[in-house]
Amino acid sequence: MDFKDTLLLPKTDFPMRGNLPNNEPKKYQAWYDADIYEQMKAKREGAEMFTLHDGPPYANGDIHIGHALNKTLKDIILKYNYFQGKAVRMTPGWDCHGLPIEQKVEEKLGKSKKEAMPTEKFRELCRAHAAKFVDIQRDGFKQLGIIADWKNPYVTMDFKFEANIYRTLCEVAQKGLLVERHKPIFWSWAARTALADAEVEYEDKEDYSIYVHFELSDAAKETLGVEGKAGLVIWTTTPWTLPANTGISLHPEEMYVLTSDGHIVAEARFDAMIEEGVVSGHASRKIASTEMKHLLTINPVNGRSSKIVLGEHVLMDGGSGCVHTAPGHGEDDYKVGLLNDLEVVMPVDERGCYDESVVGLNLLPNPEEFVGMHIFKANEPILALLGDNLLKQSMFTHSYPHCWRTKKPLIYRATNQWFISIDDKAEGAKETLRDTALHAIEDVAFYPKTSKNRLKPMIEGRPDWCISRQRSWGVPIAFFRIKSTKEVIFDADVLEHVANLFDVHGADAWYAMSNAELLPEGSKYNPDDLEKLTDILDVWFDSGSTWNSVLGSGNYDAGQYPASLYIEGSDQHRGWFQSSLLLSSAVNGISPYKTLITHGFTVDKKGEKMSKSKGNVMAPDKVIKQYGSEILRLWVALSDYQSDLKISDEILKQTAEQYRKIRNTFRFLLANVDDLDAYVTNDAYGELDRWILTKAREVFASVKASFDVYDFLRGFATLNHFITNELSGIYMDITKDRLYCEDKNDPVRRATQSAMAHISKAMLGLIAPVLTYTADEILEYAPTLFKDGLENVFDLVYVKVPEVEASFDDSILLDARVKFSEAVDKLKKEKLMKSTLEVEIAGDMSLFAIKDSKDLEDWFVVSAMKASSRGEQVASFEVEGKTYTVHKATAAKCPRCWRFTSTSEECACERCAKVVGD
């Protein structure tokens, strides 16, 4: 008899290799064709809702590996909640307005064509550019197997969306938080627009460091009782701002000294000034800062008066203790200027060049020579004008604000801008917007917890939010101003009429329609008396109001407000997280998110930022074509996403190996439950089955607990350890004999098959959020009992492993297995044996907690466990102080099961003979 034909060998068509790059696209397309997202909604109708609100990527360029990380992480979290039985929503979105798109369109057109083109026509070209990249990026995300409402995404340039951005602005205005101010803000002269804090990056820049003498006026000297030369020494790094100087700030509590060579500096800085060679005389007199308050000095650049003022912002850790103050060019300067009635002089145009006011206000000698000169080129000519008043000049490198898009240095420039006032109270509110936002985040769950320590100080210390931009492509600040009074109209009827027009025609209506058309019928305003505001909204206002336009508008089936989760990169503490929080707090007094997760950025294997010049960029489409999206998804789950994530070919190869381990574990389990047609009852499980079921239940609970707090790295580490050690390393190995050699319907075999099926099904629910394609493929090849009516993976709901009676304490047994393996490994290396079935173990069996003798033999995969053996001793090992000897088996090898339990090598052992009916 050919005994091989009598064995119940594993049987499955589930392929060993996934061939992911070829097979994934077919399955993904089938899902999208079947509108699987709508099916998911229908299958969880009435269930608890989980809303993941998608932070919009910018509709400009192809997706990169950072996009892939972000969307994959969202997809994993969304699907995890789905497979836990919740209804889920994710409406994907795109940010479509803003400077980068304007610049791309302008590059194609050329500057002269752009300037000659009507605004509405230019906006049309910007709209087409953004639409093109929405489609490109959507296709890229779908290739990653991301499931979302791709048929109904939110696009910030859609007409109704623009209308709702505008409605949010109107709500902020009607709450009394929108204010127009003439004050210095970050200005990008390269982009010719104001910037918000979130649009500012800091890079090193080389600048001048200069000390300049401002002589006291005659009246000031008389007041102080000083004769001869006497003046304050200021320090600055921006010589080009000296023409706009109108004050010098001193610290109100500091003493100052007049040196014998006629210079006044802070007493606390005197020694440093001597060391640096700024002043050389001895201190001849002390003067309190308060004695000099509101006295005048003479600006050496132009002879204009400069008033001495007191300010807490003056520090003693550098400089002279006398701060050059130009309210048109600095936030602190502006604030102290307001308190002391300093003139705001701002002679710089939107290009960063001196304008005609340098002539009109006599800000420089020979001022005509400076008109049209870029400020950064004016430093040297201004230094030359200072003469002996320039006490010291040098160069130094420091961190300086740059434009996030043009990468050029910024300036502070006082202009008329619109701000959301952070320290005012919204109408009906009990506290300021700042305090409302700070209180709102106290109820937010942060992952990692430390990210709260990033967002909170930013809210505590941030200035008013400058929301106006001097550009064309965006949602206009669509308000009318009365020409005669300059009053801005916030009439509710007018605002709602404009919003309704935007619903139908988009924000382009503001440019294309006349004043009369933009006013409601029967309006009390005369269109000829009005002028339109021309600024557009900061693009962060667009994305910051998406909670309203997407979750609150009723235009999308996008879930609930506030959202269950916002998740983006850590840079969004100063961007989307903050703008969303401020607008939601302003309008509704609450946070728009219940949970906030931040992830790091993708870097190469050395931890270096990716760039084309370094040649270390990993493009998502390349990874997919080489490895498949499942490997990319598993890489995300196996990475500590809360810090920067390393990715390289080596890392992806390691990830692919781990994928193969998971895939082949499922393949083994599927193959061995192929003929199972019913689960056994809980009391039918043997010791080994109860051991693995109990272990699996504990492990899966731990994995689920990790996943519940979005710690996929820990969860998968726990799961992989279980698969490698207890499941694959022990149980799948020690049960092969019963699976292959027992009778098909033997209760022991059926119990093991049932345990395997339950573990597979539970484990499938845990891996499905990450390896969705593979989970669906497993179900496709799974036996009928396992499927239990499931047509595809999206019918799956996570089920726990059944709770069974506790099994044995495995601590000593695990140690004994290791010790035994170490002992027989030497024999295998010396080629004295091939299989552990060739041996038997002798010693005190009472130490081992497994009571069934066959189960104990299977635990060690040996042919016998005895008190003593007559066979030749080949090894020994020690457990808990007791010695166990390893002997060559004394019985013959069964030709069917290969256990040494037969009377002769020619005939089957007693068990096998019974099974085959021999």
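In the stretch 803-823, what residues are open to solvent by 30 Å² or more (accessible area, probe 1.4 Å), part of a loop (DSSP other than H, G, I, E, B) and either under 30 Å from Glu48 (Cβ atoms) or basic (Lys, Arg) (or both)?
The answer is Glu803, and nothing else.
What is the one condition in (1) charged (D, E, K, R); (2) surrounded by 14 or more Cβ atoms within 10 Å (Cβ to Cβ); (3) in contact with a Phe, Trp or Tyr (Cβ under 8 Å, 6 or more places away or on another chain) that Lys286 does not satisfy?
Single failed check for Lys286: (2).
Give the stretch 211-243 a look and list any residue that's touching a helix residue (DSSP H, G or I) at 6+ places or on another chain (Cβ under 6 Å), more than 13 Å from Thr297 (Cα to Cα) and assigned to a strand (DSSP E or B), or say none.
Once the filter is applied, which keeps residues that are touching a helix residue (DSSP H, G or I) at 6+ places or on another chain (Cβ under 6 Å), more than 13 Å from Thr297 (Cα to Cα) and assigned to a strand (DSSP E or B), the stretch 211-243 yields nothing.
Criterion first (exposed (fewer than 13 other Cβ atoms within 10 Å of the Cβ), farther than 29 Å from Leu99 by Cα and among the basic types (Lys, Arg)) does Lys449 satisfy it?
yes
For the stretch 564-603, give me the residue count where each residue is within 16 Å of the chain's Cα centre (by Cα), closer than 29 Å to Met40 by Cβ and among the aliphatic types (A, V, I, L, M).
4
Among the listed residues Lys826, Lys800, identify the single one that is part of a loop (DSSP other than H, G, I, E, B), open to solvent by 30 Å² or more (accessible area, probe 1.4 Å) and not small (Gly, Ala, Ser).
Lys800
For the stretch 316-347, enumerate the residues that are within 21 Å of Phe270 (Cβ to Cβ), under 40 Å from the mean Cα position of the chain (by Cα) and among the small types (Gly, Ala, Ser).
Gly318, Gly319
Thr718: in contact with a Ser or Thr (Cβ under 7 Å, 6 or more places away or on another chain) and open to solvent by less than 10 Å² (accessible area, probe 1.4 Å), yes or no?
No: the conditions fail for Thr718.
Is at least one residue of the stretch 67-82 over 22 Å from Lys142 (Cβ atoms) and open to solvent by 10 Å² or more (accessible area, probe 1.4 Å)?
There is no residue in the stretch 67-82 that is over 22 Å from Lys142 (Cβ atoms) and open to solvent by 10 Å² or more (accessible area, probe 1.4 Å).
Return a yes/no flag: does the stretch 659-668 have any residue that is among the hydrophobic types (A, V, I, L, M, F, W, C), open to solvent by 10 Å² or more (accessible area, probe 1.4 Å) and more than 30 Å from Val748 (Cα to Cα).
Checked the stretch 659-668: no residue is among the hydrophobic types (A, V, I, L, M, F, W, C), open to solvent by 10 Å² or more (accessible area, probe 1.4 Å) and more than 30 Å from Val748 (Cα to Cα).
State the number of residues belonging to the stretch 28-64 that are open to solvent by 40 Å² or more (accessible area, probe 1.4 Å) and part of a loop (DSSP other than H, G, I, E, B).
8
May I ask you to verify whether Ile692 is open to solvent by less than 60 Å² (accessible area, probe 1.4 Å), farther than 23 Å from Tyr566 by Cβ, within 29 Å of the chain's Cα centre (by Cα) and not charged (D, E, K, R)?
So Ile692 fails the test.
Quick one: which strands (runs of 3 or more DSSP E) sit completely within the stretch 244-301 and have at least 3 residues that are touching a Lys or Arg at 6+ places or on another chain (Cβ under 7 Å)?
255-259
Given the conditions (1) under 19 Å from the mean Cα position of the chain (by Cα); (2) open to solvent by less than 20 Å² (accessible area, probe 1.4 Å); (3) among the hydrophobic types (A, V, I, L, M, F, W, C), which single one is not true for Ile101?
Unmet condition: (1).
With the requirement that a residue be open to solvent by less than 40 Å² (accessible area, probe 1.4 Å) and aromatic (Phe, Trp, Tyr), what does the stretch 557-571 give you?
Scanning the stretch 557-571 gives a single hit, Tyr566.
Considering only residues that are more than 18 Å from Trp94 (Cβ to Cβ) and either surrounded by fewer than 18 Cβ atoms within 10 Å (Cβ to Cβ) or of a type in the set (Phe, Trp, Tyr) (or both), which ones fall in the stretch 534-556?
Scanning the stretch 534-556 gives Thr534, Gly554.
Within the stretch 610-645, track down each residue that is free of Cβ contacts under 8 Å to residues at least 60 places away in the same chain, open to solvent by 30 Å² or more (accessible area, probe 1.4 Å) and either within 22 Å of Gly715 (Cβ to Cβ) or of a type in the set (S, T, N, Q) (or both).
Answer for the stretch 610-645, where residues must be free of Cβ contacts under 8 Å to residues at least 60 places away in the same chain, open to solvent by 30 Å² or more (accessible area, probe 1.4 Å) and either within 22 Å of Gly715 (Cβ to Cβ) or of a type in the set (S, T, N, Q) (or both): Ser611, Ser613, Ser643, Asp644.
For residues that are hydrophobic (A, V, I, L, M, F, W, C) and out of contact with any helix residue (DSSP H, G or I) (no Cβ under 8 Å at 6 or more places or on another chain), tally how many sit in the stretch 643-680.
Qualifying residue count, the stretch 643-680: 1.
Name every residue in the stretch 177-219 that is among the small types (Gly, Ala, Ser) and open to solvent by less than 40 Å² (accessible area, probe 1.4 Å), in order of residue number.
The answer is Ser188, Ala191, Ala194, Ala196, Ala198, Ser209, Ser217.
Among the candidates Leu410, Leu364, Leu391, which residue alone is surrounded by 20 or more Cβ atoms within 10 Å (Cβ to Cβ), closer than 29 Å to His313 by Cα and in contact with a helix residue (DSSP H, G or I) (Cβ under 8 Å, 6 or more places away or on another chain)?
Among Leu410, Leu364, Leu391, only Leu364 is surrounded by 20 or more Cβ atoms within 10 Å (Cβ to Cβ), closer than 29 Å to His313 by Cα and in contact with a helix residue (DSSP H, G or I) (Cβ under 8 Å, 6 or more places away or on another chain).
Among the candidates Ala272, Ala266, single out the residue that is aliphatic (A, V, I, L, M) and surrounded by 23 or more Cβ atoms within 10 Å (Cβ to Cβ).
That would be Ala266, the only listed residue that is aliphatic (A, V, I, L, M) and surrounded by 23 or more Cβ atoms within 10 Å (Cβ to Cβ).
Taking the stretch 587-602 as the region of interest, how many residues are farther than 25 Å from Met49 by Cα and either open to solvent by 10 Å² or more (accessible area, probe 1.4 Å) or out of contact with any Asp or Glu (no Cβ under 8 Å at 6 or more places or on another chain) (or both)?
Total meeting the criteria: 2.
Just one of the numbered conditions (1) more than 24 Å from Asp810 (Cα to Cα); (2) among the aliphatic types (A, V, I, L, M); (3) out of contact with any strand residue (DSSP E or B) (no Cβ under 8 Å at 6 or more places or on another chain); (4) in contact (Cβ under 8 Å) with a residue 40 or more places away in the chain is not true of Ala913; which one?
(4)
Scan the stretch 875-896 and tell me whether some residue there is modelled with pLDDT under 95, farther than 20 Å from Met845 by Cβ and under 60 Å from the mean Cα position of the chain (by Cα).
yes
Which of the residues that make up the stretch 830-847 are assigned to a loop (DSSP other than H, G, I, E, B) and buried (at least 20 other Cβ atoms within 10 Å of the Cβ)?
Gly843 - this is the single residue of the stretch 830-847 that is assigned to a loop (DSSP other than H, G, I, E, B) and buried (at least 20 other Cβ atoms within 10 Å of the Cβ).
The values are calculated or read from the model by the stated rules, or taken from the named source; none is laboratory data. Here the structure is a predicted model, which means the values were calculated and not measured. Don't worry about glycine lacking a Cβ; one is built from the backbone with ideal geometry, like all the others, and counts go over all protein chains shown. When the accessible area is computed, the model is the full protein with side chains, heavy atoms only, and any ligands, DNA or RNA have been set aside. Shrake-Rupley method; radii C 1.70, N 1.55, O 1.52, S 1.80 Å.
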